[in-house]
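The values are calculated or read from the model by the stated rules, or taken from the named source; none is laboratory data. Here the structure is a predicted model, which means the values were calculated and not measured. As a convention, Cβ positions derive from the backbone with ideal geometry for all residues, glycine included, and neighbour counts pool all protein chains shown. The protein model used for the area step is the full one, side chains on, heavy atoms only, and it has no ligands, DNA or RNA in it. Shrake-Rupley method; radii C 1.70, N 1.55, O 1.52, S 1.80 Å.
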Amino acid sequence: EPLLRGIFEIGKRSCDVVLSARRLRWSPILPESPTGDSSVAVQAQEETIEMKDVFSVKLKRRRFAGQKKGGTLLGITIFKCLNKEENKLTDCAIHLNNLSEDHCQSWFRHLKEILNGFQNRPKSLKVFVNPSSHKREATHIYYEKVAPLFKLADIKTDVTVTEYEGHALSVLKECELQAFDGVVCVGGDGSVSEVAHGLLLRAQIDAGKDTDYVSKPVRAPVPLGVIPAGTTNILAHTLYGIKHAVTATLHIVMGHIQAVDVCTFSTPSKLLRFGFSAMFGFGARTLALAEKHRWMPSSQRKEFAFIKTLADLKPEECELSFLPLQIPQEDSREKDRITLLYLGSKDQWQKIQGHFLNVSIMAIPCLCSMAPRGLAPNTRLNNGSMALIVVQNTSRAEFIKHLKRYTSVKNQFNFPFVETYTVQEVKVQPRLKSGPDAKENVCLNAEGNYPWNIDGDLMKEASEVHVRVHPQLIDLYGMNTDDLESSQVTCNCI
C-alpha cells in the first residue's frame, strides 16, 4: 500500500514518486506526443530503492556562508548504502527536489518513521579508539571516515581514546552499558580482543557469575563493531571480507548483526581471557619477539620477528587433549552451516603427544590479506566448533612450504606433518624438560612462562591452558563473508 505519492525533481527531470513501507520508486513524467499518437511515447523507466538500504534522510536547504540554521528549502536528500565489488560498501545520495515546505515536511516525517522502525540499527554507541594501532592512524580513520557517517545517521557517540593497555577493559567494567545500543572499537586485533573480553567479562559480573571460573558464560549485552585500523585486522577481514573502514562503519550503521562463537581460555585455577583464536609455538613466539622490539615500526618489527623466529625454529614438546565433535551423516552436505552436535561423554577425549612447531586453536576462519581463505578455512563464524591445527616437527624448508600455502587458495594442510581436527574443547599442557636438556624449553621466557598469541595479544602462562568454544556468545556488527559474496547488487544513484 502506498503511503505517499507526489512529484519531485530527480536528476533535472520531474518524476512521479511513490513511497511505501518497503520501497521508494519513481519514474519520469513524460510529455504527451504533439500529434497525440500514443505509439511514439517512450516507455518511462521506473527506478526503485529498498528502504532497508536507506540509512539517513535529511531536509536539503540552501544556506549562506556561516549560516547554521534555516535557509531556503530545496527538497529532501536520501542516503543509501550501496554494495560494490569485493564486498565493499559505500554511501550514495539521492536528491528529491521540491520547494514546498509542507510537501517536504510530510515526506520527511514518513521517511523518518520507516527508518526508525528498523530494530537493530544503533542510535547510541560507545566508541573506543586506540591511537597506537599500526601507523597511529586510528584517530584519523575515526574522525575523518567513521564519525561523519555516524553523524549523518543521527547516531550519538561517547568516545574514549585509550591511553594504555587495559584502558578499554577498565572503562567497560564501570560504564553504564544500558545507555548504549552497541560498542565500537577502532584499532587492531589486540584492541578488538580487549574490548570483546571486557564486554563478556562485564556480562558475567552483571549476571553475578564467578569470573575466576566460567563454565557457562552469559552472552554479551550489546553488539560489538570493529573498525579496522591495525596491521593484520583478522576479525575485520572475517566479518567484512575486506579491510575498509567505510564498509565496516556502514555495516554498523545499517545494524547488520552476526552472531559469533567465542572461546574461553583458562588455567585450572582461573579464566585468562575470552577470545576468538589462539596460537601456541611458532605463532606465539613470533609475537613475543615482536613485542620486545616495540621501538621498531610495526611492519618492520613483525617482519624481523617472523624471520628471526623462523631462523631459530625449534619444536616444543607438549600434550594435547581434545574433545572432538560429531557431524550428523544425513546433513553432511551442509556440515559447514549447521550447529555441530557435541560428544558429551568424558571418556571420548583424545590425546596426542609430541614435538610441535605450532598449535592453532580457532573458532572463526581468521581471514587476512596473507590468508584469503583464512588460517582456519574449515570452520565458520557461528557453527559451534573450533579448528585445531597441529604442525608437528619437520624441516624448516617443509614448514615454510606450509606457510606459503596460506597465500594460495587451498592445500595448506596437505602435508604429512600437519593434522587438523574439529573440536569442542582443547587442553594444551607443555612438558618441561629438566637437567641438561632444560635449555631446549624454547617457548619459555625469562620468567618461566610460555607465550600465547590470543587474537594478536600476547599472554604468558606456565601451566595447562584449557580452551572451550561457546556458540554464538557475542553479536558482532557485520555479515558472514559467505553471504556477502552472494549479495552483490548495483544501483543507479543521482
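Remarks
- Number of residues in region 229-242 that are in a loop (DSSP other than H, G, I, E, B) and either modelled with pLDDT of 90 or more or among the hydrophobic types (A, V, I, L, M, F, W, C) (or both): the value is 2.
- Unmet requirement for residue 304, which otherwise passes all of (1) of a type in the set (Phe, Trp, Tyr); (2) in contact (Cβ under 8 Å) with a residue 24 or more places away in the chain; (3) open to solvent by 20 Å² or more (accessible area, probe 1.4 Å): (2)
- Once region 443-494 is narrowed to residues that are modelled with pLDDT under 90 and of a type in the set (Val, Ile, Thr), the residue that is farthest from the chain's Cα centre (by Cα) is 494.
- Cross-chain or 6+ apart pairs with Cβ under 8 Å, region 338-360 first and over 18 Å from residue 398 (Cα atoms), then among the basic types (Lys, Arg) and modelled with pLDDT under 90: 353/431
- Matching entry among 245, 236 (being open to solvent by less than 10 Å² (accessible area, probe 1.4 Å) and not polar (S, T, N, Q)): 236
- Residue check for residue 272: open to solvent by 20 Å² or more (accessible area, probe 1.4 Å), in a strand (DSSP E or B) and of a type in the set (A, V, I, L, M): yes
- Counting the residues of region 200-223 that are open to solvent by less than 50 Å² (accessible area, probe 1.4 Å) and in a loop (DSSP other than H, G, I, E, B) gives 7.
- Looking at 119, 43, just one residue is within 26 Å of residue 223 (Cβ to Cβ), open to solvent by 20 Å² or more (accessible area, probe 1.4 Å) and either modelled with pLDDT under 95 or over 37 Å from the mean Cα position of the chain (by Cα) (or both), and that residue is 119.
- Condition check for residue 297: surrounded by fewer than 23 Cβ atoms within 10 Å (Cβ to Cβ), under 17 Å from residue 197 (Cα atoms) and not β-branched (Val, Ile, Thr): no
Every residue, every condition in (1) touching a helix residue (DSSP H, G or I) at 6+ places or on another chain (Cβ under 7 Å); (2) over 24 Å from residue 310 (Cα atoms); (3) surrounded by 16 or more Cβ atoms within 10 Å (Cβ to Cβ); (4) outside the structural domain of residue 468 (by the TED database), yes or no:
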{"residue": "366", "(1), (2), (3), (4)": "yes, no, yes, no"}
{"residue": "376", "(1), (2), (3), (4)": "no, no, yes, no"}
{"residue": "385", "(1), (2), (3), (4)": "no, yes, yes, no"}
{"residue": "394", "(1), (2), (3), (4)": "no, no, yes, no"}
{"residue": "404", "(1), (2), (3), (4)": "no, no, no, no"}
{"residue": "412", "(1), (2), (3), (4)": "yes, no, yes, no"}
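- In this structure, residue 278 qualifies as in the same structural domain as residue 309 (by the TED database) and either open to solvent by less than 10 Å² (accessible area, probe 1.4 Å) or within 16 Å of residue 185 (Cα to Cα) (or both).
- Hits in region 59-82 (condition: outside any loop (DSSP other than H, G, I, E, B) and either open to solvent by 60 Å² or more (accessible area, probe 1.4 Å) or in the same structural domain as residue 240 (by the TED database) (or both)): 61, 62, 72
- Flag for residue 229 being closer than 19 Å to residue 473 by Cβ and out of contact with any Cys (no Cβ under 6 Å at 6 or more places or on another chain): no
- The helices (runs of 4 or more DSSP H) located wholly in region 103-175 that include 1 or more residues which are of a type in the set (Phe, Trp, Tyr) occupy 147-152.
- Looking across region 118-149 at every residue that is of a type in the set (Gly, Ala, Ser) and free of Cβ contacts under 8 Å to residues at least 60 places away in the same chain, the one that is nearest to residue 89 (Cα to Cα) is identified as 147.
- The listed residue being farther than 20 Å from residue 153 by Cβ and hydrophobic (A, V, I, L, M, F, W, C), out of 235, 250: 235
- Scanning region 83-97 for residues that are buried (at least 17 other Cβ atoms within 10 Å of the Cβ), in a strand (DSSP E or B) and not polar (S, T, N, Q) turns up 89, 91, 94, 96.
- Taken over region 243-269, the criterion of being of a type in the set (Ser, Thr, Tyr) and assigned to a strand (DSSP E or B) is satisfied by 264, 266.
- Scanning region 252-269 for residues that are buried (at least 24 other Cβ atoms within 10 Å of the Cβ) and under 11 Å from the mean Cα position of the chain (by Cα) yields 252, 260.
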